[in-house]
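What follows is calculated from the coordinates using simple rules that are stated; it is not laboratory data. Only a predicted model underlies this, so the values are computations on that prediction, with no experimental measurement involved. Every residue, glycine as well, gets a Cβ built from its backbone with ideal geometry; the counts of neighbours run over all protein chains shown.
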Amino acid sequence: MLKEEADARAPAETAHPALEARDLGMRFRGPDGEVALFDHLNLTIRPGESVAILGASGSGKSTLLGLLAGLEQPTSGQVWVAGANLTALDEDGRAAARAGRIGFVFQAFHLLGGLSALENVRLALELSGYGGDGEAAAAALQRVGLGHRLHHTPERLSGGEQQRVAIARAFVTEPRLLMADEPTGNLDDATGAQVVDLLFALNREHNTTLVLVTHDPSVAERCDTVYRFREGVLSQ
Ligand SMILES: Nc1ncnc2c1ncn2[C@@H]1O[C@H](COP(=O)(O)OP(=O)(O)OP(=O)(O)O)[C@@H](O)[C@H]1O
Ligand SMILES: [Mg+2]
């Protein structure tokens, strides 16, 4: 069989890495001129792989995650998601590429205040074009152990509960890629451990590719691949 034929037969999902950074660079203009946070950064993540990025505060972990998700544009280089060049798209194009395909869990939860847990999860479905299916949203909240908190607003939930709502919201659209930026950073150790258990369990169930930024080596060790980010260099 010709290589082209073999490529054509391979399912698109497995033919490409889940995520690739090619020669990625990010510079910021500071008071003393331009500062390079990193340059020529290369990273390949295969479908279903879980990757941890460890690094000191200010090393650039969140910036890298934002670039990999297409939330920001790099100064140089490209980000490819499942074989598509995210960097070539404008902001609307990148938002469309993310919708329903990339889920996010942040340190500060980022739930919408004034909306109930159920409404927060339903909104994610609506924004991804899945329609506001109340049953799917309720099922996602039940899966994270919050079936009894559907109508509570974030103000009436504990930090651990809020993060579980955020996890339900991230997984409800069945994204191929999940980005988590210090998901336990605002939680005590015991609550953080429960949230991490849940994150990894859902990741396995959905066979999601996971990129996890953390300060905590014990959380990082649970991933297939662990990178340390230091002075603009990722090393294993
Ligand atoms: N838009 C920006 N303009 C200028 N500098 C920026 C910008 N965004 C980030 N930086 C700088 O880049 C560096 C890395 O920031 P980043 O938030 O990525 O670090 P981090 O590793 O996530 O840190 P932490 O562990 O504290 O969350 C910091 O020095 C920050 O000030
Ligand atoms: Mg950060």
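The Ala190 and Asn42 beta-carbon pair, evaluated with R₀ = 45 Å, returns a calculated FRET efficiency of approximately 0.75.
Can you tell me the mean projection area, over all orientations, of the convex hull of the stretch 82-190's alpha carbons? Units nm², please. Intermediate values should be presented prior to the final figure.
On the way: hull surface 29.3 nm².
With the hull built on Cα positions only, its mean projection is 7.3 nm².
Comparing Glu155, Glu205, Glu119 in a Gaussian network model of the chain (Cα springs below 10 Å), the most mobile by mean-square fluctuation is Glu205. Inter-label distance, Ser76 to Arg29: 1.8 nm, where each label sits 7 Å from its Cα along the C-beta direction.
Beta bridges from DSSP with both residues in the chain: antiparallel share about 50 percent, rounded to the nearest 5.
Between the amide H of Gly77 and those of Gly25, distances stay under 5 Å, these residues lying 5 or more places away or on another chain, with hydrogens modeled in the peptide plane. Stretching Arg230 away from Ser218 to a fully extended chain increases their span by 2.5 nm, per 0.36 nm per residue minus the current alpha-carbon distance. Cβ-Cβ distance of Thr153 and Leu127, R₀ of 25 Å, FRET efficiency by 1/(1 + (r/R0)^6): the value works out to about 0.85.
Charge dipole (Cα centre; +1 on Lys/Arg Cβ, -1 on Asp/Glu Cβ; no other charges) of the chain amounts to roughly 200 debye. Which residue fluctuates the most in the chain, going by a Gaussian network model with Cα springs under 10 Å, if the choices are Gln162, Gln78, Gln142? Sorting by GNM fluctuation, first place goes to Gln142. The phi torsions of the stretch 35-46, fed into the Karplus equation with coefficients 6.51, -1.76 and 1.60 and a -60° offset, translate into couplings of 10, 8, 6, 7, 8, 6, 8, 10, 7, 10, 10, 8 Hz, rounded to whole numbers, with Gly and Pro shown as x. Based on alpha-carbon atoms, the Kirkwood radius and the radius of gyration of the chain give Rg/Rh equal to 0.98. Remark: the stretch 138-227 is approximated by an ellipsoid whose semi-axes, taken from the C-alpha gyration tensor as √(5λ), come to 22, 16, 10 Å, largest first.
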